[in-house]
Amino acid sequence: MTTPTRPSPFRWLLYAVGRGLPPRNREWVLYDVTTRTWVLRHLLRATVQLAPVAVLLYLLMPGSSGVRIGAVLGGLALGYFYSLAYMYETTENRAMKAGYPRGTARELRDRRTAVVRDEQARRYAEQYRTLPPGS
């Protein structure tokens with residue numbers, strides 16, 4: 001198995017704001033949207049998108065610092081809410097930009113979590129579904 005080629009920091013920043021990566025990073029994109037920490041990676045990309053807007057709003061908005069902080073925090077909460085609401089679609093679109101068919105990322109994540117769920121079900125059955133001695 002080959003190790004996916006990571007993009008440079010500059011290309012990753014462009015990727016974080018929605019730009020596609022070159023073909024040599026194709027496998028890395030699929031890894032990025034299907035690895036165990038894919039949700040955290042998605043939130044990091046959302047933070048990269050939201051941070052500049054939040055800083056500009058804080059600096060340019062009139063009013064006391066408390067009001068500006070409250071408004072920026074409210075905007076960040078709304079931004080993260082929508083980011084989480086559409087994270088499955090966003091990761092699918094990233095995989096499609098890399099050249100994978102629609103549904104590939106979801107299928108890989110489902111396959112990986114099925115192994116974990118099966119193992120958890122097996123351990124649960126061993127611990128709680130056996131009859132106590134003398135029954």
(message) With every protein chain kept in place and ligands, DNA and RNA left out, what is the accessible area per residue of the chain? Probe 1.4 Å, answer in Å².
(response) 71
(request) Of the listed values [x] 172; [y] 117; [z] 134, grab the one calculated as volume of the Cα convex hull per residue in Å³ from the structure here. (result) [x]
(request) Calculate what fraction, in whole %, of the accessible area of the chain sits on carbon and sulfur atoms when a 1.4 Å probe is rolled over the protein chains. (result) 64
(message) Looking at the chain as a GNM with Cα springs under 10 Å, which of 74, 18, 66 has the largest mean-square fluctuation?
(response) 66
(message) Sorting check: for 106-112, 94-100, 119-125, 23-29, which peptide has the highest mean count of neighbouring beta carbons within 10 Å, and how do the rest follow?
(response) 94-100, 23-29, 106-112, 119-125
(request) Return one number: the angle in degrees, 0 to 90 and rounded to the nearest 10, between the long axis of the Cα atoms of helix 104-128 and the longest principal axis of the Cα atoms of the chain. (result) 50
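The values are calculated or read from the model by the stated rules, or taken from the named source; none is laboratory data. Bear in mind the structure is a predicted one, so any value in this text is a computation, not a measurement. All Cβ positions, even for glycine, are placed from backbone atoms using ideal geometry, and neighbour counts span all protein chains on display. Side chains are part of the model used for accessible areas, which takes the heavy atoms of the whole protein and leaves out ligands, DNA and RNA. Shrake-Rupley method; radii C 1.70, N 1.55, O 1.52, S 1.80 Å.
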